[in-house]
Amino acid sequence: MGLPTLGICEITLQTSAPAELECFYSETFGLPVISREDDRVWLACGPRARLGLWTPGRKEFGDRGGRHVHFALSVTRGRLEALADRLNSLSVAHHGPVEHAGGDRSLYVEDPEGNVVEVWEFFEEGEGAERGVRALAS
């Protein structure tokens with residue numbers, strides 16, 4: 001039996017300044033805008049996932065957005081240096097790329113709301129790639 005899910009579909013971040021956060025994610029990571037609504041903005045982050053930037057307050061289905069401390073975006077091997085160069089050109093402070101014990105690498109940056117965004121080669125290199133292959137095979 002394969003994995004019961006296909007991956008993360010969406011993550012939402014709460015912000016009182018959605019336009020500012022939209023600009024950060026669009027400029028920093030190249031995430032295109034899918035849609036803008038009165039109380040939220042949706043950005044594409046890969047072919048099957050989206051990032052929601054929501055203003056505070058109740059939404060449909062009792063949702064209220066959320067304050068996240070950390071999340072990770074996946075990147076293909078060899079792209080972290082180009083991202084670090086892009087962050088430097090935009091004067092965005094970051095840490096990395098750093099190599100982890102399993103052989104994969106990450107880069108870390110805080111968005112304007114203080115959320116820690118990790119950009120990670122986890123499924124592309126080292127232990128993460130091995131784990132991903134084993135998980136999909138079982």
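From the residues in the stretch 7-22 that are under 16 Å from the mean Cα position of the chain (by Cα) and exposed (fewer than 13 other Cβ atoms within 10 Å of the Cβ), which one is modelled with the lowest pLDDT?
Among those that are under 16 Å from the mean Cα position of the chain (by Cα) and exposed (fewer than 13 other Cβ atoms within 10 Å of the Cβ), it is 7.
Residues checked against (1) modelled with pLDDT under 85; (2) within 22 Å of residue 32 (Cα to Cα); (3) among the hydroxyl-bearing types (Ser, Thr, Tyr); (4) in the same structural domain as residue 17 (by TED's automatic domain parsing):
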position: 46; (1), (2), (3), (4): no, yes, no, yes
position: 81; (1), (2), (3), (4): no, yes, no, no
position: 101; (1), (2), (3), (4): yes, no, no, no
position: 119; (1), (2), (3), (4): no, yes, no, no
position: 125; (1), (2), (3), (4): yes, no, no, no
position: 128; (1), (2), (3), (4): yes, no, no, no
position: 132; (1), (2), (3), (4): yes, no, no, no
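Regarding residue 32, is this residue modelled with pLDDT of 85 or more, exposed (fewer than 13 other Cβ atoms within 10 Å of the Cβ) and within 20 Å of residue 8 (Cα to Cα)? Walk me through it before giving the result.
On the way: modelled with pLDDT of 85 or more: yes; exposed (fewer than 13 other Cβ atoms within 10 Å of the Cβ): yes; within 20 Å of residue 8 (Cα to Cα): yes.
So residue 32 fits the description; yes.
The values are calculated or read from the model by the stated rules, or taken from the named source; none is laboratory data. These numbers come from a predicted model, not from an experiment. All Cβ positions, even for glycine, are placed from backbone atoms using ideal geometry, and neighbour counts span all protein chains on display.
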